[in-house]
Amino acid sequence: MFMTAADIDAKLEEEKRSSSAASHSAAWAEGLWAGIEPEIIAEEALETALEELVRMGCEDKFLDLLDQMRSRVIAGDFAAERVCH
């Protein structure tokens, strides 16, 4: 099967997202196991991610991410597949 550069880039991004999701799920589970409330874990995860974007000089990406996440919350994207750890 022939893959274009765009296909390869898309596959790499998909694998990065999958790996990132697995890492975050493991950290979430570890936090819960340690007795940390889900709200605290979520707040710290968001703060860390957003601080990193700003630190890297990606203020525009930071604001875009906030807008995207807000739109997704309003659209119900996160409520459809609720996962309890």
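Summary table
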item	result
Residue check, I41 assigned to a helix (DSSP H, G or I) and touching a Phe, Trp or Tyr at 6+ places or on another chain (Cβ under 8 Å)	yes
Qualifying residue in the range 57-64 (condition: surrounded by 10 or more Cβ atoms within 10 Å (Cβ to Cβ) and within 17 Å of H24 (Cα to Cα))	no
Residue among A79, A6, A49 that is part of a helix (DSSP H, G or I) and exposed (fewer than 11 other Cβ atoms within 10 Å of the Cβ)	A6
Residue satisfying all of: in the range 27-76; modelled with pLDDT of 90 or more and among the β-branched types (V, I, T); nearest to the chain's Cα centre (by Cα) among these	T48
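The values are calculated or read from the model by the stated rules, or taken from the named source; none is laboratory data. Bear in mind that the values here come from a model prediction, so they are computed numbers and not experimental data. Don't worry about glycine lacking a Cβ; one is built from the backbone with ideal geometry, like all the others, and counts go over all protein chains shown.
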